[in-house]
Amino acid sequence: MTRVSVATLYESGHFLKISEHIQTDINRAPRAPVPGLQISDLTLDDMDAIFILNESIFGEERVINTFDRKDLVLLLASIDEEPIGFKVGYRENRFVFYSAKGGVSPSFRRRGIALALMDAMMDRARDRGYARLAFDTFPNLHPGMTILGIQEGFRLMKADYNATYREYRLRFEKRLTPLPDQS
Ligand SMILES: CC(C)(COP(=O)(O)OP(=O)(O)OC[C@H]1O[C@@H](n2cnc3c(N)ncnc32)[C@H](O)[C@@H]1OP(=O)(O)O)[C@@H](O)C(=O)NCCC(=O)NCCS
């Protein structure tokens, strides 16, 4: 079997062919707002709420391996000033913004908070000029995120086994901008 690296695909322009199949969200109808929901951008100096939520949702201190990332975005969702969800993302490469981790407190789930965080993350990535948003997820551990991704028009780009988590992992991507006119 011939192995072709992602870099080679990018350089050869094949990524455009792959990308053609990834749906874009820019024509999506606006969503009804979640009553009282506020989404704010935090800084590294003021992100305690994310550490607390991360620990309570995922049961671990580590949010992501390092915050030393280009275009780091730290989003906090609150209702009546109570932190209820978060999402962290950063630059993966010049085309792709990577949504690294996020979660919503159990008692606030299925109200559209994760969707609102995803919309906000896509806005931040689009504003910074990225063409696609990507995330990885473990469907056996957190099935909701896989269902959310598929329903929101993300395309499955990769499936593998992660030895650290001893679990299968899926990678989803969605376009943020229209493809350049190739006619
Ligand atoms: C996954 C998670 C972020 C979803 O948060 P949420 O605020 O409940 O999600 P939303 O209300 O925005 O869900 C939007 C849609 O996604 C789908 N969805 C979300 N969670 C789901 C679940 N547990 N089961 C089935 N579908 C689900 C549904 O289609 C839902 O729409 P609906 O409620 O109208 O049916 C939340 O369950 C969570 O924090 N889980 C633990 C951590 C986690 O999985 N993080 C992501 C790791 S990659």
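The values are calculated or read from the model by the stated rules, or taken from the named source; none is laboratory data. Quantities reported herein were computed from a predicted structural model and do not represent experimental measurements. Quick reminder, even Gly has a Cβ in these numbers, built from the backbone with ideal geometry, and neighbours come from all protein chains shown.
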Do the conditions hold for A100, that is, is it part of a strand (DSSP E or B) and out of contact with any His (no Cβ under 8 Å at 6 or more places or on another chain)?
yes
Test R124 against the criterion of being modelled with pLDDT of 95 or more, within 20 Å of L74 (Cα to Cα) and either surrounded by 16 or more Cβ atoms within 10 Å (Cβ to Cβ) or within 9 Å of the ligand (Cβ to nearest atom) (or both), and give yes or no.
yes
May I ask you to say which residue of F172, F135 is within 18 Å of G89 (Cβ to Cβ), more than 8 Å from the ligand (Cβ to nearest atom) and in a strand (DSSP E or B)?
F172
Within segment 143-158, can you find the residues that are in a loop (DSSP other than H, G, I, E, B) and either crowded, with 16+ Cβ neighbours inside 10 Å or touching a helix residue (DSSP H, G or I) at 6+ places or on another chain (Cβ under 9 Å) (or both)?
E152, F154
Segments classed as helices (runs of 4 or more DSSP H), wholly inside segment 1-73, with at least 3 members that are modelled with pLDDT under 60, closer than 20 Å to Y90 by Cβ and among the basic types (K, R)
none
Report yes if some residue within segment 144-160 is more than 10 Å from the ligand (Cβ to nearest atom), out of contact with any Pro (no Cβ under 9 Å at 6 or more places or on another chain) and without any contact (Cβ under 8 Å) to a residue 12 or more places away in the chain; otherwise report no.
yes
Cβ-Cβ distance below 9 Å, separation of 6 or more or different chains: which pairs start in segment 103-129 with a residue that is over 24 Å from R175 (Cα atoms) and of a type in the set (D, E, K, R) and end on one that is near the ligand (Cβ under 8 Å from one of its atoms) and part of a helix (DSSP H, G or I)?
R109/G144; R110/G144
How many residues, within segment 74-87, are surrounded by fewer than 15 Cβ atoms within 10 Å (Cβ to Cβ) and assigned to a strand (DSSP E or B)?
1
